[in-house]
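A short write-up of the structure that comes next.
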């Protein structure tokens with residue numbers, strides 16, 4: 001899985017936001033993000049875009065874990081609870097996959113284990129091997 | 001509209017990503033983001049999470065422009081085209097609003113005017129005045 | 001749960017489509033629909049609208065099972081597999097609920113247990129008791 | 001456009017619900033549905049599933065209007081307003097299309113011209129010509 005680690009460490013946007021992603025294999029992945037001041041919105045709570053970014057990074061890792069390039073085409077997210085501090089956690093589950101499309105469900109939780117958001121995303125799967133991307 | 005400017009300038013997540021939002025009034029808003037290295041994904045193109053972040057910032061400005069706090073509850077985004085450089089632009093339109101709920105459509109375009117993504121978001125509207133949030 | 005049974009049997013659209021819903025309580029519900037000729041689309045497979053209708057009926061039963069009126073505000077559905085015959089099954093799970101909003105995940109399967117679609121729906125919860133609706 | 005008319009008239013689910021679709025060409029289509037008793041939900045208003053069905057029929061016509069088979073993969077719908085009687089109207093606009101994917105926005109209005117729902121749908125485009133489906 002060295003290739004997958006390279007792929008993940010290449011995600012500069014995730015890095016810029018302090019997102020860590022791991023255990024990406026066989027359509028699954030996990031991640032977390034420690035809430036910092038620069039993740040907050042105008043109301044002083046964790047920005048919906050920051051929650052999305054964590055879920056999206058885990059979605060990308062899970063959907064690319066089969067070794068060929070997957071590109072997000074449609075995503076839907078529902079938000080349940082405002083969070084102000086601590087760390088948030090995301091975990092991806094593969095709901096369906098075929099040679100062209102894959103759909104993933106990512107659950108996002110806070111420190112206390114409360115589900116704060118639910119993310120459903122679909123990718124278009126190209127035949128391009130990840131190693132070609134990583135050159 | 002000084003209050004709205006304060007509300008927008010309070011969005012630290014948007015600031016951290018180099019997002020600029022303006023013209024927030026009567027359910028509408030605009031914004032743009034210049035693509036930087038830290039906005040790229042593992043495949044070297046603009047991260048879906050960064051596109052979402054711009055749309056989300058414009059969505060927040062538009063839905064809060066009536067002067068009371070609006071919180072995102074459901075968002076759906078479709079991605080059409082990979083972008084590598086330049087600036088991307090987002091514009092929000094209010095599709096429906098009542099005292100409790102509002103729905104907005106945000107169109108995201110690249111430098112050449114191509115639509116690269118479409119974002120549909122619904123907020124729950126609280127009765128809390130924005131000025132109370134900004135204290 | 002007699003009230004819930006009355007509420008469900010009042011759903012004329014579900015009846016018109018041969019949808020049966022049961023076990024609606026505490027945020028959960030189940031249902032099924034036997035595929036008939038009038039459920040098919042132009043390509044001769046089960047219509048996406050018919051799959052949605054089954055999921056929606058189960059979503060309605062689950063979200064109204066707390067005894068007060070719930071109205072759908074945002075729904076997202078992903079389709080995975082074409083089906084031609086047999087019976088399809090749907091089951092709703094409550095992901096989050098508070099006094100104003102609730103979000104549900106409905107999984108739809110075919111006869112062989114394959115997941116053919118995934119439905120995520122959010123309701124706005126009114127304070128109106130169901131018995132008032134059923135008068 | 002005789003082929004498109006055959007394709008539309010083959011949609012038995014739409015027919016079962018009294019949906020009429022027309023003007024399907026170049027990524028666009030229109031339709032309407034007169035509200036009947038069997039379109040109502042448990043609360044006595046037009047069922048969300050019936051609104052979806054009309055939008056979905058128009059979505060199918062628009063996305064198949066290029067002459068090759070298009071299959072729905074992801075749809076999101078937002079509901080704004082309860083309706084009880086009259087006719088509802090839907091119109092599809094093509095937001096993006098490439099050889100593999102297409103995304104459409106369908107606006108649904110009531111008799112008075114109020115927007116009652118907004119539907120965003122993405123299809124996967126196969127290379128199968130429609131005439132092969134219609135054999």
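The values are calculated or read from the model by the stated rules, or taken from the named source; none is laboratory data. Because the structure is predicted, anything quoted here is derived from the model rather than measured. In this analysis, Cβ positions are derived from the backbone assuming ideal geometry, glycine residues included, and neighbour counts consider all displayed protein chains.
Residues in the stretch A:33-49 that are more than 7 Å from chain B (Cβ to nearest Cβ) and not in a loop (DSSP other than H, G, I, E, B): A:33, A:34, A:46.
Can you work out which of the residues in the stretch D:32-42 that are within 11 Å of residue C:12 (Cβ to Cβ) and crowded, with 16+ Cβ neighbours inside 10 Å is nearest to the chain's Cα centre (by Cα)? Taking the candidates together, the pick is D:39.
Taking the stretch A:1-21 only, how many residues are touching a residue at least 12 places away in the same chain (Cβ under 8 Å) and either more than 20 Å from residue A:67 (Cα to Cα) or under 10 Å from the mean Cα position of the chain (by Cα) (or both)? Within the stretch A:1-21, residues that are touching a residue at least 12 places away in the same chain (Cβ under 8 Å) and either more than 20 Å from residue A:67 (Cα to Cα) or under 10 Å from the mean Cα position of the chain (by Cα) (or both) number 7.
No other residue among A:5, A:20 is more than 8 Å from every other protein chain (Cβ to nearest Cβ) and at pLDDT below 95 apart from A:5.
Counting only strands (runs of 3 or more DSSP E) that sit completely within the stretch D:56-135, those holding 3 or more residues that are more than 14 Å from chain B (Cβ to nearest Cβ) correspond to D:68-79, D:87-97, D:115-129.
Can you tell me which residue is surrounded by the most Cβ atoms within 10 Å (Cβ to Cβ) among those in the stretch B:102-118 that are under 10 Å from residue B:80 (Cβ atoms) and under 12 Å from the mean Cα position of the chain (by Cα)? If we take residues in the stretch B:102-118 being under 10 Å from residue B:80 (Cβ atoms) and under 12 Å from the mean Cα position of the chain (by Cα), then B:108 is surrounded by the most Cβ atoms within 10 Å (Cβ to Cβ).
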